[in-house]
Amino acid sequence: MFKALRPQISSIIDSNKTSDAKMQDICELLKANVPHYDWVGFYFKNGDKRELKLGSYAGVPTDHTIIPFGKGICGQVAESNENFVVPDVQAQDNYIACSITVKAEIVVPLFVNGENIGQIDIDSNTPDPFTEADETFLEFVNFEVAKIL
Ligand code: SME
């Protein structure tokens with residue numbers, strides 16, 4: 001599945017669209033093709049502020065369009081610069097619930113010139129669905145997206 005999606009990600013990146021439209025296409029591609037991806041979005045550092053701002057996403061709208069650094073899974077990744085895999089969101093103290101249907105989450109930071117400037121965030125309604133294959137694939141997605149930022 002991830003192997004087949006890689007060239008599709010690359011052709012979106014190479015397409016003749018705006019960066020925002022490309023990221024939107026990627027969110028929709030992932031949500032439509034990965035059964036355990038129920039919400040897919042990109043958050044980016046909001047200018048000089050120590051907060052994240054929601055960019056493109058696919059899935060239900062969220063109230064959490066701004067997330068301070070340190071808050072929730074996303075805010076923690078903004079500071080740690082490391083992937084964060086959450087098999088069971090209910091076991092997390094520092095978690096921001098977007099929907100009661102969400103069971104698990106993965107957040108992978110996005111680096112441009114070595115700087116953590118944002119992240120891809122996936123919510124799953126399936127308990128404990130993420131493996132190293134998700135991490136490797138999402139690192140690839142972010143590496144590709146970094147080329148257009
Ligand atoms: N659950 C995230 C907030 C973003 S929503 O999943 C879209 C968190 O704890 O940071």
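The values are calculated or read from the model by the stated rules, or taken from the named source; none is laboratory data. All values derive from a computational prediction rather than experimental measurement. Positions of Cβ are generated from backbone atoms using ideal geometry, with glycine treated the same way; all protein chains shown enter the neighbour counts.
List the pairs whose first member sits in the stretch 83-102 and is in contact (Cβ under 8 Å) with a residue 60 or more places away in the chain, whose second member is within 12 Å of the ligand (Cβ to nearest atom) and part of a helix (DSSP H, G or I), and whose Cβ atoms are under 9 Å apart, counting only residues at least 6 apart or on separate chains?
So the pair list comes out as Val102/Val89.
Any idea which of (1) within 15 Å of Tyr37 (Cβ to Cβ); (2) touching a helix residue (DSSP H, G or I) at 6+ places or on another chain (Cβ under 6 Å) is the one Phe130 doesn't satisfy?
Only one criterion in (1) within 15 Å of Tyr37 (Cβ to Cβ); (2) touching a helix residue (DSSP H, G or I) at 6+ places or on another chain (Cβ under 6 Å) is unmet by Phe130, namely (2).
Taking only the stretch 51-71 into account, find how many residues are more than 22 Å from Asn125 (Cβ to Cβ) and of a type in the set (A, V, I, L, M).
Result for the stretch 51-71: 2.
Being aliphatic (A, V, I, L, M) and within 14 Å of the chain's Cα centre (by Cα) is the filter here, so list the residues in the stretch 43-67 that pass it.
To start, the set of residues in the stretch 43-67 that are aliphatic (A, V, I, L, M) comprises 52, 54, 58, 60, 66-67.
Leu52, Leu54, Ala58, Ile67, listed by residue number.
Which of (1) surrounded by 13 or more Cβ atoms within 10 Å (Cβ to Cβ); (2) modelled with pLDDT under 95 does Val40 not meet, given it meets every other one?
Unmet for Val40, out of (1) surrounded by 13 or more Cβ atoms within 10 Å (Cβ to Cβ); (2) modelled with pLDDT under 95: (2).
Restricting to helices (runs of 4 or more DSSP H) lying wholly in the stretch 2-110: which have 1 or more residues that are over 17 Å from Ala133 (Cα atoms) and within 14 Å of the ligand (Cβ to nearest atom)? So that I can check it myself, show each step before the final result.
On the way: elements: 2-13, 19-33, 72-80.
Of the helices (runs of 4 or more DSSP H) lying wholly inside the stretch 2-110, those with at least 1 residues that are over 17 Å from Ala133 (Cα atoms) and within 14 Å of the ligand (Cβ to nearest atom) span 19-33, 72-80.
With the requirement that a residue be β-branched (Val, Ile, Thr) and touching a strand residue (DSSP E or B) at 6+ places or on another chain (Cβ under 6 Å), what does the stretch 1-46 give you? Write out each step before concluding.
Step one: filter the stretch 1-46 for residues β-branched (Val, Ile, Thr), giving 9, 12-13, 18, 26, 34, 40.
Val40, the sole residue that qualifies.
Among the residues of the stretch 111-149, how many are under 19 Å from Lys53 (Cβ atoms) and either in a loop (DSSP other than H, G, I, E, B) or within 16 Å of the ligand (Cβ to nearest atom) (or both)?
9
Could you please find all residues in the stretch 69-127 being of a type in the set (Asp, Glu) and more than 15 Å from His36 (Cβ to Cβ)?
From the stretch 69-127, those of a type in the set (Asp, Glu) are 79, 82, 88, 93, 105, 115, 121, 123; that's our starting set.
Selection gives Glu79, Glu82, Asp93, Glu115.
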